[in-house]
Amino acid sequence: MRIADRYELEAMVGRGGMGEVWRATDEVLMRPVAIKLLTDHQAGAGARLRREAQAGAMIHNPHVVDVHDFGAYDDSPYLVMEFVAGTTVAGELRRGRPLPISAVAHIVAQTAEGLLAAHHEGVVHRDIKPANLLLGRDGTVKIADFGIARFLDDAADSDSAEHIVGTSFYVAPERARAAPAGPAADIYSLGCVLYQLLTGAPPFLADTPTGVLRCHVSGVPVVPSGVEAGVGRQLLRMLAKDPADRPDAQEVITWCHQVSWPATTLACEPADFGEVTQAIA
């Protein structure tokens, strides 16, 4: 199948709530690309894909997936992106193999570098989670899926109490309260990812998405046993309830490079906590 008389689709490599992602070849520039095609044509899906294209095009950083093109095929929008050969952080967690602490620091630092670039452009990702962190074969981490990103200069863009879009395990408390999310919300979500990398599960679990959201608002995260004290303190800072108490992306990067990470392998086993939901009503 060929799109726009240029992109030859080869194999589906992912499927999400809005559509499918295909590996393809750009036959004009002769390079591999990834193409996201909408399969869900409900109201707002096309706008989310356009937002993802706009946000990605604004950010130029080795730790954010490059956006190459955006268009329509058979009246359905598509997004052409950099193809990253490898897996995701979620895929790495599913392998069930403990990660060296140095690898955890590497993942967090690179994600923070991508977030720093996004925040500099006034873009808040709002859906940082293991599945949206691509992990290349060379170990490079790239942030993907800016479909629910918020532009800081858009004062009207905030969540409603009735419909919070995102994945409940990684939603910042302010978003759980339906308040506008600034850059600190991404740091909280990255803190949840760090917690999962250290323990195998996110900081808060519950039987329902609503229960998880309540935990983000009022629950107290427990520092995992065996985690070095300095790592635990930084983790709790990233998971602070008040956005003003969290470090910014640059502080996280500096900390990752300066902290004396133990040269050990995590002993925990990834927990089977499932995926609760992508759209939280």
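The values are calculated or read from the model by the stated rules, or taken from the named source; none is laboratory data. From a predicted model like this one, the values you see are computed outputs, not experimental measurements. Please note: Cβ atoms are built from the backbone with ideal geometry, for glycine as well, and neighbour counts cover all protein chains shown.
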Of all residues in the stretch 55-80, how many are surrounded by fewer than 17 Cβ atoms within 10 Å (Cβ to Cβ), touching a residue at least 12 places away in the same chain (Cβ under 8 Å) and not small (Gly, Ala, Ser)?
3
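I'd like the full set of residues that are among the charged types (D, E, K, R), at pLDDT below 95 and crowded, with 24+ Cβ neighbours inside 10 Å, limited to the stretch 176-204. Write out each step before concluding.
In the first step, residues of the stretch 176-204 are kept if they are among the charged types (D, E, K, R); the result is 177, 186.
Of the ones still in play, those that are also at pLDDT below 95 are 177.
Within the stretch 176-204, none qualify.
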Subset of the stretch 1-31 (residues that are under 23 Å from the mean Cα position of the chain (by Cα), of a type in the set (Lys, Arg) and surrounded by 15 or more Cβ atoms within 10 Å (Cβ to Cβ))
23
I'd like the full set of residues that are exposed (fewer than 13 other Cβ atoms within 10 Å of the Cβ) and either modelled with pLDDT of 95 or more or not assigned by TED's automatic domain parsing to the domain that holds residue 111 (or both), limited to the stretch 226-251.
242, 244, 245
Step by step: first the residues of the stretch 32-65, then only those that are over 15 Å from residue 7 (Cβ atoms) and of a type in the set (D, E, K, R), then the one that is farthest from the chain's Cα centre (by Cα). Which residue is that?
40
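I'd like the residue in the stretch 238-257 that is in a helix (DSSP H, G or I) and without any contact (Cβ under 8 Å) to a residue 24 or more places away in the chain and, out of all such residues, is farthest from residue 98 (Cα to Cα).
Restricting to residues being in a helix (DSSP H, G or I) and without any contact (Cβ under 8 Å) to a residue 24 or more places away in the chain, the top hit is 245.
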List pairs: first residue in the stretch 166-185 and in the same structural domain as residue 118 (by TED's automatic domain parsing) and closer than 16 Å to residue 206 by Cβ, second residue crowded, with 24+ Cβ neighbours inside 10 Å and of a type in the set (Gly, Ala, Ser) anywhere in the structure, Cβ distance under 8 angstrom, at least six positions apart or on different chains.
170/189; 171/189
